[in-house]
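Notes to accompany the following structure.
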């Protein structure tokens, strides 16, 4: 089977032509046959139409409204008149607050592709236009690294305005908004779901990853953020994108599981660096450069347990709620701790001032004691002075006494 | 793999900083000694979303203090909204290269928040190296060397201005960091037995793990 479906047979092209007209009928009545066609790859020259058709029907099923031809108005929150969505031309005329960041990334998107290789080329200009227009159009997402790759894929198949409209539908209705918005809240959820699926499908590999400290976010972040297009050869990226538009985010899980499955023997042999190397862009790119079909077939044979996937989502959300609850408690304790610290400090101040007062009193006390002691000394010396004086007086009296009386007094 | 164990230590580095400051180019210049767009491997030129983990065997010209040291370098995404993702990669880093663009003041103004992450999520002995990149674009300079030096002094960082384009000072920045880490090992301030030291030492009985088990979903508390 050709990578790009260029030599697709007439019969297959006829089938695809029919799919484009009666997609919903195919989905209802011939889902297996449709899946076979998708896994085999949409013929390159039909991709523009098929992708738009898939997205249109998907959007209709997701929102219940047809989005054909017009930009859906519900995403526009530009603070002006929300009733009428700005046209693509109007968006292009406005300035984006993400302009600098977008410009930094434009030259770093598909740099090997001839369409986007030149800094002055038309490719980079239209890429910039679409990404900028989107950053104004969707002010919840704005600009997120990863979006240019999707836009690049689209621009390789359709004119810029159509690429923009398809991007709007894809981000809104294929669950990418949660990945791209500033909190990127859905990324850890998707990674957790992937981890759960991998643990079930390849427990030995995951045990090995645990030993090595390898976690899914280290290799799968860009699988989700660019739908593999920053990792895989272009022709394979297109085929994965075919599948994504047909199946939604499940396609990413399928391909991810297929990659780990096809590499498991090598992964089990490697240390940390070896594992990161095997799952790096350079290695995957080389591995699947002429071998994309085998990956698509492996993805097809992946049995995706939807119940497990949903349970993983519920578990993740429950764990997150619990974590948030814990965080709230931690915050409460923290603020209580702050209060107590403040109270402690004021008590400490009180103690300090009391200590000072005590010190003053103690000094006074000492002073008084000293004065008391010196008074006592003075008193004692005064007393002894008195007795010396008395003795002297007695002596004088004695001397003055009559002679016989003195002899009588002095006899032993 | 011949020479796979031809080293005494492995140091884990993480490269952080705003979008477009040249993190991937610095890494590429250090590993390949060139950084023109044509010479870059596709990955080095692509927006880095998943960390690129490169391991460098010690080249004979790159011995640090006579030691053969292998560097395991983690390159990261710079956009603000990827912060939460990047935070889970800090743990166990022995060195952090904090990069800004001397031609874009906003990237310098954000250093404090990057530094907070680095301080909070690594161990106290992690060597943080401040790099003012794009020194070849002197005419467009927006941040003076003096103020950056002062910032570095105030925050106890080692500082150099580099050019990933010409290669000026790039090797010095990577190797100085290694030297500092090695000194910390020598004077005992870096405990190799600690799980978060970011240093793996080759020993007869096997190697000390670079870090403990993977962090939980949110990474930090």
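How far is helix A:306-400 tilted off the main Cα axis of chain A, in degrees rounded to 10, range 0 to 90?
It works out to around 10 degrees.
For chain A, what does the relative contact order come out to in percent, with C-alpha contacts under 8 Å and a separation of six or more?
Averaging sequence separation for qualifying contacts and normalising by length gives 13 percent for chain A.
Subtract the Cα-Cα distance of residue A:310 and residue A:266 from 0.36 nm times their separation in residues, and report this length gain in nm to one decimal.
Net length gain for the segment: 12.8 nm.
Taking the DSSP beta bridges in the protein assembly as shown as the whole, what percent of them are antiparallel, to the nearest 5?
Rounded to the nearest five, the antiparallel share is 30 percent.
Counting only helical runs of four or more DSSP H residues, what would the 222 nm mean residue ellipticity of the protein assembly as shown come to if each run contributes -39,500 (n - 2.57) and the total is spread over all its residues?
-18000 deg cm²/dmol
Averaged over B:20-30, how many beta carbons belonging to a partner chain fall within 10 Å of each residue's beta carbon? Please list the in-between numbers first.
Values: counts 7, 1, 0, 0, 1, 0, 0, 0, 0, 0, 0.
Mean inter-chain Cβ contacts per residue within 10 Å come to 1.
Cβ neighbours within 10 Å, averaged per peptide: list B:141-148, A:352-359, A:131-138 in order, most packed at the top.
On the way: B:141-148: 14.4, A:352-359: 10.0, A:131-138: 24.2.
The peptides rank, most packed first, as A:131-138, B:141-148, A:352-359.
Checking the a/c ratio against 1.5 first, then a/b against b/c, what shape does the Cα gyration tensor give for chain A? Kindly include the intermediate steps, with their values, before the conclusion.
On the way: a/c = 4.69, a/b = 3.44, b/c = 1.36.
Because a/c hits 1.5 or more and a/b exceeds b/c, chain A counts as prolate.
Peptides A:117-129, B:170-182: what's the order by average Cβ count within 10 Å, highest mean first?
Listed from highest to lowest mean packing, they are B:170-182, A:117-129.
What's the angle, to the nearest 10 degrees (0 to 90), between helix A:234-247's Cα axis and the longest principal axis of chain A?
Long axis of A:234-247 versus the principal axis of chain A: about 90 degrees.
Once label points are set 7 Å from the Cα along Cα→Cβ at both residue A:28 and residue A:125, what is their separation, rounded to one decimal in nm?
Going by the 7 Å Cα→Cβ label model, 4.7 nm.
Let me know the mean shielding of B:84-92 by other chains, meaning the per-residue number of their Cβ atoms within 10 Å of its Cβ.
Partner-chain Cβ atoms within 10 Å, mean over residues of B:84-92: 3.
What ranking, highest mean first, results for peptides B:92-100, A:94-102 when packing means the other Cβ atoms within 10 Å averaged over each residue? Mind dumping the intermediate values first?
Values: B:92-100: 27.3, A:94-102: 15.4.
Ranking, from highest mean packing down: B:92-100, A:94-102.
Under a point spin-label approximation (7 Å from Cα along Cα-to-Cβ), what is the residue A:352-residue B:149 distance to one decimal in nm?
Here the modelled spin labels are 4.0 nm apart.
In degrees from 0 to 90, rounded to the nearest 10, what is the angle of the helix A:10-21 Cα long axis to the longest principal axis of chain A?
Helix A:10-21 sits roughly 60 degrees off the main axis of chain A.
Over region B:2-201, what is the relative contact order in whole percent, taking alpha-carbon pairs under 8 Å and six or more residues apart?
28 percent
Looking at region B:2-201, what % of the alpha carbon pairs are farther apart than 29 Å?
So the pairs more than 29 Å apart make up 17 percent of the total in region B:2-201.
Using 0.36 nm times the number of residues separating residue A:395 and residue A:99, minus their current alpha carbon distance, what extension gain do you get? Each step should come with its number before you reach the end.
Values: separation 296, 0.36 × 296 = 106.56 nm, distance 12.10 nm.
Using 0.36 nm per residue and subtracting the Cα-Cα distance, I get 94.5 nm.
What nm distance separates the two modelled labels at residue A:9 and residue A:112, each placed 7 Å from Cα along Cα→Cβ?
Reported label-point gap for residue A:9 and residue A:112 is 3.3 nm.
Please compute the average number of Cβ atoms from other chains found within 10 Å of each residue's Cβ in peptide A:141-148. Could you put the intermediate results ahead of the total?
Working: counts 1, 1, 2, 4, 9, 6, 0, 1.
Whole-number average of other-chain Cβ neighbours for A:141-148 is 3.
Would you kindly state how much longer the chain becomes between residue A:140 and residue A:49 on full extension, computed as 0.36 nm times their sequence separation minus their alpha carbon distance, in nm to one decimal?
Net length gain for the segment: 29.9 nm.
Every number here is computed from the coordinates shown, using simple stated rules; none is lab data. All values derive from a computational prediction rather than experimental measurement. Glycine gets a Cβ as well: all are built from the backbone with ideal geometry, and neighbour counts include every protein chain shown.
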